[in-house]
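What follows is a set of notes on a single structure, which appears directly below.
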Amino acid sequence: MQKLQDSLVEALTIEGALGVALGDWKTGMCLGFKGTNTPALPEKDLELAVAGNTEVIRAKMRVAESLKLKDRIIEEILIILETQYHLMRLTKSINGLFFYLVLDREKGNLAFARIKLNQIEKELTI
């Protein structure tokens, strides 16, 4: 089992990671964040990004409910920008939490990042 800060540090070692945070999409709170503090993503922006992406997750949850989807469990939401991937991975083990990972598109491997975040989430304790 890993504590929150250990999980964030490990996630930041993912190739191409610019920043990572753990948020609570039910409250909009950022529980913790780590970043490389590059001009592409100042570390302080991660907290703001969690709050904003909370609204994205909530909106998708409302749509899934409105459509009466049988599969209502959202695993991930991906936003692709010109130079970055923004991945929101909802945790399965702790209801209401999500990892927010920002990857450099040239340096990162999205498939590997998804696998690694899944492994980190399995070890997370709060």
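Just so it is clear, none of the values below were taken in a lab; they were calculated from the coordinates. Model, not experiment: these values are computed from the prediction. Here the Cβ is made from the backbone with ideal geometry for all residues, glycine too, and neighbour counts use every protein chain on show.
Below are the figures for this structure:
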read-out	value
Residue in segment 2-16 that is farther than 15 Å from Ala113 by Cβ, assigned to a strand (DSSP E or B) and not β-branched (Val, Ile, Thr) present	yes
Extreme residue, nearest to Asp24 (Cα to Cα), among residues of segment 64-95 that are outside any loop (DSSP other than H, G, I, E, B) and among the small types (Gly, Ala, Ser)	Ala64
Segment 57-88, residues that are loosely packed, with under 15 Cβ neighbours inside 10 Å, under 12 Å from the mean Cα position of the chain (by Cα) and among the β-branched types (Val, Ile, Thr)	Ile79
Test: Gly52 is under 15 Å from Phe99 (Cα atoms) and crowded, with 17+ Cβ neighbours inside 10 Å	no
Unique residue being among the hydroxyl-bearing types (Ser, Thr, Tyr) and buried (at least 17 other Cβ atoms within 10 Å of the Cβ) when the list is Thr36, Thr13, Thr91	Thr91
